[in-house]
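The next block holds one structure in the form of C-alpha cells; read it before the comments.
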Amino acid sequence: MEMIFDLRNVSYSYVGRINALKDICFKVNQKEQISIIGSNGSGKSTLLAILDGLIYPTVGEFYAFDNRISEEVFNTIDDNEFRSYFRTRVGLVFQNSDVQLFSPTVFEEIAFGPLQLNLTPEKVKIRVLEVMEMIGITKLKDRSPHTLSGGEKKKVCIATVLASNPDVLLLDEPTAGLDPRTQLWLTELLQELEDAGKTIITATHDLEFVEQISKRAIVMGEDHQIVMDDDVEKVLNNLELLLDSNLIHEHMHIHSKFVHEHLHTHKGKHIHEHDTECDLSSTRIELLLARELE
Ligand code: ADP
Ligand code: MG
C-alpha cells in the first residue's frame with residue numbers, strides 16, 4: 001500500500017516564536033480516514049497547512065508520496081513537476097470558505113481547478129456539471145459565491161476541491177456553522193468518498209462527526225503535541241484524555257428526576273459516567289426538542 005504522508009519530528013512555529021506544532025510524528029497510508037481532534041489553538045489547521053504543502057516544517061521532515069516537501073524543492077522552481085503532481089493528488093477544504101472563494105460565479109469557481117489541469121473547455125464543462133450535480137448545487141451555477149449562505153459556500157468549496165478529483169482530501173472543521181441537515185449530508189458524502197477509495201483527513205472537535213467519518217483519530221493536546229493516535233473507539237472511550245484535551249467538560253446537569261454530574265461534549269452529546277455507550281440519534285432529537293422548548 002502506498003505511503004501518502006510521513007511526518008518525522010515535525011515542529012512549526014509562526015514568526016519563529018509562536019509554537020503551533022511540536023514534535024509531530026505519524027504516517028498516513030492510502031485509503032485511511034483520519035480525524036485530527038483537539039481544542040482551539042492546538043495546531044490542527046497548521047498541521048493541515050503542512051499536509052497541503054502550504055507551509056513547511058520549522059524543524060523535522062515532511063514526506064509526501066516518498067518525496068521530501070521543503071521550501072527548496074517545492075517552492076523555488078517555477079515549472080515544478082512534483083508540485084503539479086502533488087496538487088493533483090491533494091486538496092484542502094479551508095475552514096473559512098471566504099478564503100477559498102474568489103470567482104464571479106459558482107461555475108467559474110468550480111472550473112478553476114480543472115482548467116489548471118489543461119483539460120479542454122468541453123471536458124472542463126462536463127466535469128463541473130457532474131460535480132455540481134453530485135453535490136446538489138446545480139441551481140447555484142450562475143450565483144456569485146459571496147452571496148451564498150454558509151452551508152452553500154461550504155458545498156461550493158467542497159465541489160471546487162472534488163472537481164480536480166484528488167485522491168487525498170483534507171478538511172478543516174467542515175461541520176462548523178452547518179445546519180444539522182447539511183452536516184448529515186456531509187457525513188454521507190464523506191462516507192461515499194471513503195467507499196470510492198479516497199484518503200481523508202479531517203480536523204474537527206465535533207466528536208459525534210469523528211465517530212461517523214473516521215476509523216483513526218489523532219488527538220492534539222494544548223501543548224501542540226500528539227497525545228493519542230489510535231482507533232476512534234479507543235480515543236472516544238478515553239474520557240480522561242478528552243477532558244484533559246478540553247474536548248469535553250464536566251458540569252452539573254438535571255437529568256430526569258436526579259441531579260448528577262456527567263460529561264458533556266461541546267456539541268451537546270452526553271456521555272454518562274457509568275454508561276459511555278450513547279444513542280446518537282436520540283441525542284440529536286433530544287437536542288432539537290430542547291431547542292424548541294426554549
Ligand atoms: P487550531 O486549528 O487547532 O485551532 P491553529 O493551527 O490555528 O490551531 O493554531 C495553533 C497555534 O498557532 C495557536 O496558538 C495560534 O494562535 C497560532 N497561530 C495560528 N495561525 C497563526 C498565524 N498566522 N500567526 C501567528 N500565530 C498563529
Ligand atoms: Mg483551526
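The values are calculated or read from the model by the stated rules, or taken from the named source; none is laboratory data. Fair warning: this is a prediction, and the values are worked out from it, not measured in the lab. Cβ sites come from the backbone with ideal geometry, for glycine too, and all protein chains shown count toward neighbours.
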| task | Among the numbered conditions (1) in a helix (DSSP H, G or I); (2) surrounded by fewer than 13 Cβ atoms within 10 Å (Cβ to Cβ); (3) modelled with pLDDT of 90 or more, tell me where residue 142 comes up short. | result | (1)
| said: Looking only at region 108-134, count every residue that is surrounded by fewer than 19 Cβ atoms within 10 Å (Cβ to Cβ) and under 25 Å from residue 149 (Cβ atoms) and tell me the total. | reply: 6
| said: For the list (1) over 19 Å from residue 10 (Cβ atoms); (2) under 22 Å from the mean Cα position of the chain (by Cα), I need the number of the one condition that residue 81 fails. | reply: (2)
| said: Take the residues in region 1-56 that are charged (D, E, K, R) and closer than 19 Å to residue 215 by Cα; name whichever of them is nearest to ligand 1 (Cβ to nearest atom). | reply: 44
